[in-house]
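Student: If you scroll down you'll find the structure; I have some questions about it.
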Amino acid sequence: MIILKRILILNLIFFSLINFSYSKIQLNIIMKIDNEIITSHDIEQEINYLKALNPRLNQINKDELLIIAKKSLIKEFIKRKEIEKYKKLNLENAQINNVLNNLIQNLNLQNESELESYLNAFNFSLEELKRKIEIENEWKNLIYSKYINTVKINKKELIDKIERSSKEKFLLEYNLSEIVFTNTTNVSLKQLFENVQESIKKNGFENTANLYSISESSKVGGKIGWVKKNSLSDIIIESLKDLGVSEYSPPLKINNNYFIFKINDIRKIEIEIDKKKELDKMIFVETSKQLDKFSNIFYNKIKLNSEISEF
């Protein structure tokens, strides 16, 4: 009897090893970034993560999903590697819960428990999400520490905007999404514009943001949320003034990047302006814009020094 049990146990171990070996064979190497290997499992998990943030990605084909997932993983790896030069990632970033709460609201969920159930439906865990959020938060902290002294704010211009707005009874707010791109390929600028606009027609604005946008908002389909008209630059206000809900602007050149804005909704709010609070908000928005620009520049610089191979 004891011998029979041992034989059964040995058989179970044998077949488990066969199954493990088979799964390892099926695990294909897709990319190598410096010394780190990216497998087909990593790609599959990244696709699950991106679909959870933007369910509209179910509408696009596998090849385009693969492109998006590769781009996302490359960016995450390069950022993580740079962050780990300065600190250890241990899920102790105080901003993680703030981002989780915003995500819960954006997904129309009630609490963290519902978010966890939602992620499980995409075969993705809450802990994995927290790790990704931590990388993004620590990257923003790194960019802030490196470039905050380079940020230039024209307070007089902002104060003038507030003064003009305070004379009106109502203020427009736009619920916006964005696609931010730059011409770093051999494709002409005209062709790049056409490619982006063709993708919007074919895949929708949100999925095109995942495909083409270099902004961090790309992971959530380019969503920015509600923005007061007086927080926007004159060039953006001009591009939006004749647009209706669900319409998008032509490409706008702002600094070294090109922006396309989509209006998701418009509302009028009664003006009750606390000028000091409004100025603080506008300074924060302008600071964030400039830091985003420095973030892209710094990321591209690091990426040039990374060895990326695809298989």
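The values are calculated or read from the model by the stated rules, or taken from the named source; none is laboratory data. Computed from a prediction, not measured in an experiment: that's the story for all the values here. Using ideal geometry, Cβ is built from the backbone for each residue, glycine included, and neighbour counts are taken over all protein chains shown.
Student: Name the one entry in GLU173, GLU178 that is in a strand (DSSP E or B) and under 16 Å from ARG56 (Cβ atoms). Reasoning before the result, please.
Tutor: Values: GLU173 fails: under 16 Å from ARG56 (Cβ atoms).
None of the others qualify; the one that does is GLU178.
One line per residue, one yes/no per condition, for (1) in a loop (DSSP other than H, G, I, E, B); (2) among the hydroxyl-bearing types (Ser, Thr, Tyr); (3) over 29 Å from PRO55 (Cα atoms):
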| residue | (1), (2), (3) |
| --- | --- |
| GLU127 | no, no, no |
| LYS146 | no, no, yes |
| LYS156 | no, no, yes |
| LYS161 | no, no, yes |
| GLU168 | yes, no, yes |
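Rundown of residues vs (1) within 18 Å of LEU232 (Cβ to Cβ); (2) under 23 Å from the mean Cα position of the chain (by Cα), yes/no style:
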| residue | (1), (2) |
| --- | --- |
| ASN102 | no, yes |
| ALA121 | no, yes |
| GLU127 | no, yes |
| LYS140 | no, yes |
| LYS156 | yes, no |
| ILE179 | yes, yes |
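Student: Could you tell me whether the range 186-201 includes any residue that is in a helix (DSSP H, G or I), β-branched (Val, Ile, Thr) and touching a strand residue (DSSP E or B) at 6+ places or on another chain (Cβ under 8 Å)?
Tutor: Yes, that holds for at least one residue.
Student: For the range 254-273, which residues satisfy the criterion of being of a type in the set (A, V, I, L, M, F, W, C) and either within 17 Å of SER215 (Cα to Cα) or not in a loop (DSSP other than H, G, I, E, B) (or both)?
Tutor: ILE254, PHE259, ILE260, PHE261, ILE263, ILE266, ILE269
Student: Go through LEU115, LEU119, LEU103, LEU66 for me and flag whichever is modelled with pLDDT under 90, part of a helix (DSSP H, G or I) and hydrophobic (A, V, I, L, M, F, W, C).
Tutor: Exactly one residue qualifies, and that residue is LEU103.
Student: Something else about it: Taking the condition surrounded by fewer than 18 Cβ atoms within 10 Å (Cβ to Cβ), farther than 19 Å from SER306 by Cα and more than 16 Å from the chain's Cα centre (by Cα), does ASN93 pass?
Tutor: For ASN93, the condition - surrounded by fewer than 18 Cβ atoms within 10 Å (Cβ to Cβ), farther than 19 Å from SER306 by Cα and more than 16 Å from the chain's Cα centre (by Cα) - is not met.
Student: Could you please give the count of residues in the range 274-311 that are within 24 Å of LEU73 (Cα to Cα), part of a loop (DSSP other than H, G, I, E, B) and without any contact (Cβ under 8 Å) to a residue 12 or more places away in the chain?
Tutor: Residues meeting the conditions: 1.
Student: Same structure, new question: Among the residues of the range 220-242 satisfying the criterion of being over 20 Å from SER165 (Cβ atoms) and of a type outside the set (Val, Ile, Thr), which is surrounded by the fewest Cβ atoms within 10 Å (Cβ to Cβ)?
Tutor: Narrowing the range 220-242 to residues over 20 Å from SER165 (Cβ atoms): 220-223, 242.
Adding the requirement that they be of a type outside the set (Val, Ile, Thr) leaves 221-223, 242.
Working: GLY221: 25, GLY222: 26, LYS223: 19, ASP242: 8.
Checking each candidate, the answer is ASP242.
Student: Mind checking which residues of the range 229-253 are assigned to a strand (DSSP E or B) and either in contact with a Ser or Thr (Cβ under 8 Å, 6 or more places away or on another chain) or closer than 30 Å to TYR49 by Cβ (or both)?
Tutor: Correct list: TYR248, LEU252.
Student: Quick check on VAL151: is it of a type in the set (A, V, I, L, M, F, W, C), farther than 21 Å from ILE271 by Cα and surrounded by fewer than 19 Cβ atoms within 10 Å (Cβ to Cβ)?
Tutor: Spelling it out, VAL151 is indeed of a type in the set (A, V, I, L, M, F, W, C), farther than 21 Å from ILE271 by Cα and surrounded by fewer than 19 Cβ atoms within 10 Å (Cβ to Cβ).
Student: Also, I was wondering about something else. Out of the range 95-135, which residues are touching a residue at least 24 places away in the same chain (Cβ under 8 Å) and of a type in the set (Ser, Thr, Tyr)?
Tutor: Of everything in the range 95-135, just one residue is touching a residue at least 24 places away in the same chain (Cβ under 8 Å) and of a type in the set (Ser, Thr, Tyr), namely TYR118.
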